[in-house]
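Structure first, then comments.
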Amino acid sequence: MGFERFGRISFTSQTKAAAFVDYLEKEELRYTKCRTCGQAFFPPRADCASCLSSDMEWVKVADKGKLISFTRACYAPTGFEEDVPYVLAVADFNTVKVFGRLKAGISLDELQPGMDVQVKTVSLPAGQISYEFVPA
């Protein structure tokens with residue numbers, strides 16, 4: 001239980017990585033890292049895709065990252081139609097790359113690969129929680 005609290009629409013209530021949501025509620029974005037081989041995963045995984053170990057640790061994402069790439073989405077999957085347009089981005093936080101949305105209202109003209117970004121947690125209207133990138 002617990003993962004149904006993540007995002008606007010949750011398609012699953014159970015996952016072995018449900019602690020992700022617990023950390024978001026503490027305003028911490030975390031990824032998992034394999035204690036056996038050191039591979040980092042975002043989105044978090046409960047099992048290592050590299051060495052198949054289940055010995056994973058939760059690691060806090062760095063406070064600042066660098067924007068790598070972004071795109072403006074003018075379509076949305078079922079349930080997200082009211083969100084368009086929105087900006088999806090990938091940022092490098094030194095030890096892990098994170099995929100997510102950019103805060104609404106930021107102009108594409110303000111964005112540039114290499115700029116500093118931070119992750120902020122977002123409380124959604126139905127009591128759910130998510131995260132987004134904001135300029136640092």
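Taken together, the values in this text are just the output of simple stated rules run on the coordinates, not laboratory data. The shown structure was predicted, so the numbers you read here are calculated from the model rather than taken from an experiment. Counting neighbours? That spans all protein chains shown, and the Cβs are built from the backbone with ideal geometry, glycine included.
A Cβ-based charge dipole, computed about the Cα centre of the chain with Lys and Arg at +1 and Asp and Glu at -1, lands at about 280 debye. Our helix-only sum for the chain, with -39,500 (n - 2.57) per DSSP H run of n ≥ 4 divided by its residues, gives a mean residue ellipticity at 222 nm of -1500 deg cm²/dmol.
In segment 3-135, how does Rg compare with the Kirkwood Rh, expressed as the Rg/Rh ratio over alpha carbon atoms? If you can, show how the numbers build up before the last one.
Numbers: Rg = 15.2 Å, Rh = 15.7 Å.
Taking Rg over the Kirkwood Rh, I get 0.97.
Binning all Cα-Cα separations of segment 85-130 at 10 Å, short to long from zero, yields these whole-percent fractions: 21, 53, 23, 3.
Cross-chain or 8 or more residues apart, Cα under 12 Å: how many lysine pairs in segment 3-135 fit that? Count them up, please. Lysine pairs satisfying the spacing and distance rule in segment 3-135 number 7.
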